Amino acid sequence: MTTSHPTTILSADEARRLALRAQGFLGAPDRKSGVRGVLRHLGAVQLDTISVLARSHELVPYARLGAVGRRTVENAYWKKPTTGAPEPQPHAFEYWSHAACVLPIEEWPHFAFRRRAYRARPHWNHELPDGVYDQVIKQLRAEGPLTATELGGAKKTSEWWDWSGTKVAVERALMYGEVVCVERRGWKRVYDLAERAVPDALLHDDLDDIECLRRLVRLAGQSLGVGTRADIADYHRLKAEQVDTVIADSGLVPVTVEGWDKPAWADPAALETPPRGRHRTTLLSPFDSLIWERARTERIFGFTHRLEAYVPRPKRIHGYFAMPVLAGGRLVGRVDPGREGRTLVARQVTLDGPKTVPSVAQALIEAASWVNCTDVRVERVDAPELREPLVREVARALA
């Protein structure tokens with residue numbers, strides 16, 4: 001006869017604090033490990049072309065560490081150390097995870113399942129001209145790291161989607177794992193052969209799909225603290241059935257969260273000590289992994305989050321790049337920012353009541369300082385009666 005172990009029951013508030021600590025927003029920030037520590041802790045940092053205050057992969061470590069320099073962020077991702085090993089190794093690579101993401105280099109072997117899936121893909125949106133793939137590999141081998149433009153052109157016309165044969169080939173090689181993005185230069189991917197860029201000990205596809213999935217499910221659970229199957233699957237964009245195959249053997253433990261209508265799993269290490277410490281007050285990138293999944297964000301924070309950059313202007317509710325404001329472990333508002341010279345402009349602000357005014361003002365002042373703005377101008381506030389209190393609080397903080 002077997003006896004089943006009781007499932008841990010978490011309150012909704014406990015689950016929220018577990019998630020905040022797992023994402024690096026509760027407790028003292030690990031400044032010693034810095035940006036690289038944030039990347040390893042999160043397991044993936046999303047890239048995106050939009051830049052308002054800064055690009056999303058810069059905003060993510062800023063939100064956790066504070067005013068870390070933007071050049072420091074880029075160097076932490078891409079620059080090889082200058083001391084130590086005779087042949088310094090990279091810290092990160094870019095690949096398809098939740099989306100296009102910066103990933104810790106040590107996770108290269110665990111994306112073998114995705115590289116195999118791409119190689120077995122029966123059709124592609126872009127045609128690959130004969131001989132171009134081999135030519136791209138040959139050129140990279142001869143000339144070293146190159147952008148698509150340096151390889152012969154990224155686009156056939158000015159249309160963003162109209163890739164040249166060279167661009168199709170090098171992106172296909174990236175998906176296959178024969179080529180790796182070793183840095184971004186002026187937002188252009190810089191490609192090199194994986195055999196040159198990935199450390200020898202990691203450059204293999206030896207792990208079977210199950211082992212890869214088991215690792216990514218466990219990593220997702222650790223980075224989330226606690227999550228449903230959908231939450232865990234979404235983190236690295238796995239299929240629900242892939243999660244089901246490995247979750248029992250992933251090291252995550254089943255839990256029940258009060259108010260959640262779906263089963264959940266948690267990182268057992270996260271359950272050992274209650275989350276305590278200082279909460280971050282900060283603006284969040286809409287692409288921050290704390291709020292990647294809309295249903296999860298609504299479930300944990302009671303906050304509906306949607307990026308409206310691709311919504312026609314007349315239909316936007318909160319603005320082009322509305323950034324949620326995190327304070328006291330809650331999402332307390334939104335700011336749609338802009339920059340005019342040395343002024344950070346809060347074009348549209350949503351506040352969750354008058355008590356949130358000081359927190360939103362603090363988030364604005366810190367963000368302005370980080371991007372070398374010396375002034376903050378508040379334009380529209382959704383609750384008009386809160387505009388003057390916010391303006392006064394900002395002015396007081398700047399004085």
For region 151-268, the percent of accessible surface on carbon and sulfur atoms (probe 1.4 angstrom, ligands and nucleic acids excluded) is 50
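Per DSSP H run of n ≥ 4, the term is -39500 (n - 2.57); total these for the chain, divide by its residue number, and report the mean residue ellipticity at 222 nm rounded to 500 deg cm²/dmol.
-10500 deg cm²/dmol, from helical runs alone.
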Two decimals is fine: what is log10 I(q)/I(0) at q = 0.20 Å⁻¹ for region 110-217, from a Debye sum with one equal scatterer on every Cα and no solvent? -1.10
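Ordering SER285, SER369, SER33 from largest to smallest accessible area (1.4 angstrom probe), what's the sequence?
My answer, sorted largest first, is SER369, SER33, SER285.
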Select from ILE300, ILE210, ILE247 the residue whose mean-square fluctuation is largest in a Gaussian network model of the chain (Cα-Cα springs shorter than 10 Å). ILE210
Would you grab the residues whose amide H sits under 5 Å from the one on MET323? Only those 5+ places off in sequence or on another chain, please, with H modelled 1.01 Å from N. VAL335, ASP336
Quick one: net charge of ARG347's neighbours, Cβ under 13 Å, K/R +1, D/E -1? +2
Convex hull of region 306-361 built on C-alpha atoms - directionally averaged projected area, nm²: 4.5
If each Cα of region 157-245 is one equal point scatterer, what is log10 of I(q)/I(0) from the Debye formula at q = 0.15, 0.26 Å⁻¹? -0.82, -1.14
Give me the accessible area of LEU238, 1.4 Å probe, in Å² rounded to the nearest 10. 20
Cα-Cα pairs above 25 Å in region 197-321: how many percent? 39
Accessible-area composition of region 299-399, carbon plus sulfur, in percent [1.4 Å probe]: 49
Tell me which DSSP H helices of the chain clear both cut-offs, 18 Å or more of axial length from alpha-carbon atoms and a mean Kyte-Doolittle hydropathy of at least 1.6. none
If you wrap the chain's Cα atoms in a convex hull and average its projection over all directions, what's the area in nm²? 23.4
Rounded to two decimals, what ratio of Rg to Rh does region 41-123 give with C-alpha atoms and a Kirkwood Rh? 1.03
Residue-normalised accessible area of the chain, given per residue in Å² at a 1.4 Å probe: 47
Calculated diffusion of region 257-387, Stokes-Einstein form, Kirkwood radius summed over Cα pairs, 4 °C and 1.567 mPa s, µm²/s: 80
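The values are calculated or read from the model by the stated rules, or taken from the named source; none is laboratory data. Quick caveat: nothing in here was measured; it's all calculated off a predicted structure. No Cβ is skipped: glycine too gets one built from the backbone with ideal geometry, and neighbour counts run over all protein chains shown. All accessible areas refer to the heavy atoms of the entire protein, side chains included, with ligands and DNA or RNA removed. Shrake-Rupley method; radii C 1.70, N 1.55, O 1.52, S 1.80 Å.
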